[in-house]
Amino acid sequence: MTDSADRIRTLGILGAGRAGLVLARLAAEAGYRVFVARSGDPAPISRRVAAVGGIAVSAVEAAERSDAVLLALPLSRHREIPVEQLRGRIVIDAMNYWWAADGIRPEFDDPRTSTSELVQRFLPQSRVVKAFNHMGYQDLEDEARPHAAPGRKAIAIAGDDPDALAAVARLVDDLGFDPVVAGPLASGIMLEPGAEAFGADVDAAELRAMLDRFPTSQRGIVVARARG
Ligand SMILES: NC(=O)c1ccc[n+]([C@@H]2O[C@H](COP(=O)([O-])OP(=O)(O)OC[C@H]3O[C@@H](n4cnc5c(N)ncnc54)[C@H](OP(=O)(O)O)[C@@H]3O)[C@@H](O)[C@H]2O)c1
C-alpha cells in the first residue's frame with residue numbers, strides 16, 4: 001500500500017503543452033493542487049493554466065512546492081529541469097523520444113537502456129516512475145473515467161521504488177485510469193515508441209497482454225539481445 005508519506009496531494013507539471021495541460025486539468029478535477037511550469041517566465045501560460053485549474057509558476061517553484069513532479073516537456077530538454085529542487089521527490093516521467101521534436105539522439109534509442117533510466121541517472125536523488133507516456137493527449141482527455149467505471153482504460157507505470165510506484169498508481173487511478181505495473185524502470189522500454197503498448201488506449205487486461213507479448217515482439221527481441 002501507499003506509504004502515507006508518499007501520498008501525492010500537490011502535483012507539479014513541467015511542460016505546459018498538449019500533455020501537460022490535459023494532465024493538469026485531470027489532476028485539478030481530481031482535487032489535487034496543481035502547479036504548471038514552462039521553461040521560462042510563467043506569465044505567458046498563466047491564463048491557459050488557470051483555465052485548467054492550475055497555477056502557473058517557475059519550474060523551480062513547481063519542484064519546490066509539489067509532492068511529486070510530472071515531466072511533460074520534450075525529452076531532449078530534460079537536462080534543463082531543476083535537479084536540486086527535485087531531490088527526494090517522486091518524479092513522474094511522461095516523456096518520449098520523438099525525433100521530430102528531439103532531433104536525432106541515438107542515446108534515447110539505445111535498447112540497453114530505457115529513457116526513464118537516463119532520466120533517473122540525471123536525477124539520482126529523486127525516485128523516477130514512468131507513467132502517462134503511452135497514451136495520446138486526446139485520449140487522456142477523452143477517456144478518463146471514475147474508478148470501476150465499465151470500459152475504463154489503463155495507464156502502465158514502471159519504477160524501481162515500490163512506495164513511489166504505489167503513490168503513482170494511486171495518482172493514475174485518481175486521474176481516471178486503471179494503473180498497470182509494467183515492472184522496474186528498465187521495463188519502461190516496453191512503453192516507448194517502437195513497442196506495441198506505445199499509443200495504447202485500451203483496458204487493463206489488453207494492456208497487460210501487450211506487455212506480456214513484448215518479449216516475442218520485434219522490438220522485444222532486439223532489446224533482449226542488446227541486454228544479453
Ligand atoms: N502529445 C501527446 O499526446 C503526449 C502524450 C503523452 C506524453 N507526451 C510526452 O510529453 C512531452 C511533451 O509533449 P507535448 O506534446 O505536450 O509537447 P508540447 O505541446 O510541445 O509542449 C511541450 C512543453 O514543454 C515546455 N518546456 C520546454 N522546455 C521546458 C523546460 N526546460 N522546463 C519546463 N517546461 C519546458 C514547453 O514550453 P516552452 O518551450 O514555452 O518553455 C511546452 O509548454 C513529450 O516528451 C511527449 O513525448 C506527449
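FYI, it's all coordinate maths here, none of it is from the lab. Source: prediction; values computed, not measured. Neighbour counts run over all protein chains shown; Cβ positions are idealised from the backbone, glycine included.
In table form, for the structure just shown:
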quantity	calculated
Label-point separation, ARG87 to ASP142 (7 Å along Cα→Cβ), nm	4.5
Within a Gaussian network of the chain (alpha carbon springs, distance under 10 Å), most fluctuating of GLY151, GLY159, GLY53	GLY151
Extension gain from ARG65 to TRP99, taking 0.36 nm per residue of separation minus the Cα-Cα distance	9.0 nm
Gaussian network model of the chain, springs between alpha carbon atoms under 10 Å - residue of ASP93, ASP67, ASP139 with greatest fluctuation	ASP139
Projected area averaged over orientations for the stretch 109-228, convex hull of C-alpha atoms, nm²	7.3
Equivalent-ellipsoid semi-axes of the stretch 4-226, from the Cα gyration tensor, Å, largest first	25, 20, 16
Where labels lie 7 Å past Cα in the beta-carbon direction, separation of ARG77 and ARG112 in nm	3.0
Relative contact order (percent, whole number), the stretch 160-210, Cα cutoff 8 Å, 6+ residue spacing	27
Per-residue Cβ neighbour rank within 10 angstrom, fewest leading, THR216, THR10, THR115	THR216, THR10, THR115
For the chain: relative contact order, % (alpha-carbon pairs under 8 angstrom, 6 or more apart)	18
Amide H within-cut-off set for ILE155, under 5 Å, with H built and near neighbours excluded	ASP178, VAL180
Whole-number D in µm²/s for the stretch 129-170 (Stokes-Einstein; Kirkwood sum over Cα pairs; 10 °C, 1.306 mPa s)	139
Kirkwood Rh in Å, taken over the stretch 49-125 so that all alpha-carbon pairs contribute	13.5
Amide H partners (placed H, <5 Å) of SER126, local residues excluded	GLY88
Under Karplus coefficients 6.51, -1.76 and 1.60, residue-wise ³J(HN,Hα) of the stretch 33-44 in Hz, glycine/proline x	7, 10, 10, 10, 10, 10, 6, x, 3, x, 3, x
